[in-house]
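Following: one structure in structure tokens, then a few remarks.
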Amino acid sequence: MQLDGIHHITAITSDGQKNVDFYVGVMGLRLVKKTVNQDDPTVYHLFFADEKGSAGADLTFFEYPGAPNGRAGEGMIHTIVSRVGSTESLEFWEKRLGDAGIQTEMKDERLSFADPEGLGHELKVDDSGDEALIADSPEVPAEHALRGFDAARAYSGRPDASQQLFEEALGFESKDGGWEIRGDSRGGRYSFDEPPAESGMQAAGTVHHIAWASQMDDHEAWRDRVIKAGSQPTPVIDRFYFRSIYFREPSGVLFEIATLGPGFTVDEPLESLGEKLSLPPDFEHLREKVEPNLRPITNPRVPA
């Protein structure tokens, strides 16, 4: 029983439209689901991924209009690492991001930058051997497109406290100063850096949680493992598009284990993913109350 790398990473934005403009319009991802935060259905939950809405490429955002910019600190993920195909791709993104007014830094064949709200990103050349999870963008050639998640980096002053949970319960393997998890189809990495002196503040431009991918049949067994390791996971929660359990790893980062399926096409055809507000059946009765209060969002990829 192995986790199949990163399932999704969820962050916070204060402006859904600007968020879509950046991740679709600049980064070339596809908006694959426009729905609501199931724990607070008054606000959007936006999902960006590859063309198929695959786990492993799924960056999501809760929109809290007017939220201040936050900052990553102790017990928070500070950088999301994504894969690209070549050093030429890094050069492509260095120019494209610069043209969009985004400051970048190229170091050790990695390109670092932050989104307009300060969320840290890094691009690295893909050496995983995993399937490339690519979105079809009219402005980003396929050979330079993002290929899915590679890693996440968090701040912790006591990384050793997480070792037992990671290695004995979750099946992470120590590698290059961090950990790697690899299942049948994908792998992902996780590591810690020394925290800054300033405490963190979860708000716009910060990561809310990271999810690791589980086979559907293994989900309850993963919950049992987490409990035996001394953590306190939630019951299994049916998110309609996948099932989830949540718990905090010892550094303080919120972890989720999410199933590979049913997937985003359970209520929309693949061809039109993300083009309308989708509400899971348990939330459909709220549509008349919720939809008028959500600010309309224009998708750059969808003709008006």
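Read-outs throughout are calculated quantities, based only on the coordinates presented, and are distinct from any laboratory measurement. Here the structure is a predicted model, which means the values were calculated and not measured. As a convention, Cβ positions derive from the backbone with ideal geometry for all residues, glycine included, and neighbour counts pool all protein chains shown.
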Q. Between segment 148-187 and segment 253-294, what is the C-alpha centre distance in whole Å?
A. 29
**Q.** Sites Glu275 and Glu139 - FRET efficiency at Förster radius 22 Å, r taken between beta-carbons, to 0.05
**A.** 0.70
Q: Report, by chain and number, residues whose modeled amide H sits under 5 Å from the one on Phe192, excluding near sequence neighbours (fewer than 5 apart, same chain).
A: Ala154
Q: Among Phe255, Phe240, rank each residue by its count of other Cβ atoms within 10 Å, from fewest to most, as a rough exposure measure.
A: Phe240, Phe255
Q | Volume per residue of the C-alpha convex hull in the chain, rounded to whole Å³ | A | 129
Q. Where in segment 210-289 are there GluC sites (Glu not before Pro) that are in a DSSP coil and have at most 16 other Cβ atoms within 10 angstrom of their Cβ?
A. Glu275
Q. What is the fewest-to-most order of Lys276, Lys52, Lys107 by other Cβ atoms lying within 10 Å of their Cβ?
A. Lys107, Lys276, Lys52
Q: Distance check, please: which entries in Lys18/Lys107; Lys52/Lys276; Lys34/Lys289; Lys124/Lys175 exceed 19 angstrom between their Cα atoms?
A: Lys18/Lys107
Q.
What distance in nm separates the two pseudo spin-label positions at Ser185 and Glu105, each 7 Å out from Cα along the beta-carbon direction?
A. 3.6
Q) With θ set to phi - 60° and the Karplus curve 6.51 cos²θ - 1.76 cosθ + 1.60, what are the ³J(HN,Hα) couplings of segment 195-200 in order, to the nearest whole Hz, using x for Gly and Pro? A) x, x, 5, 6, 5, x
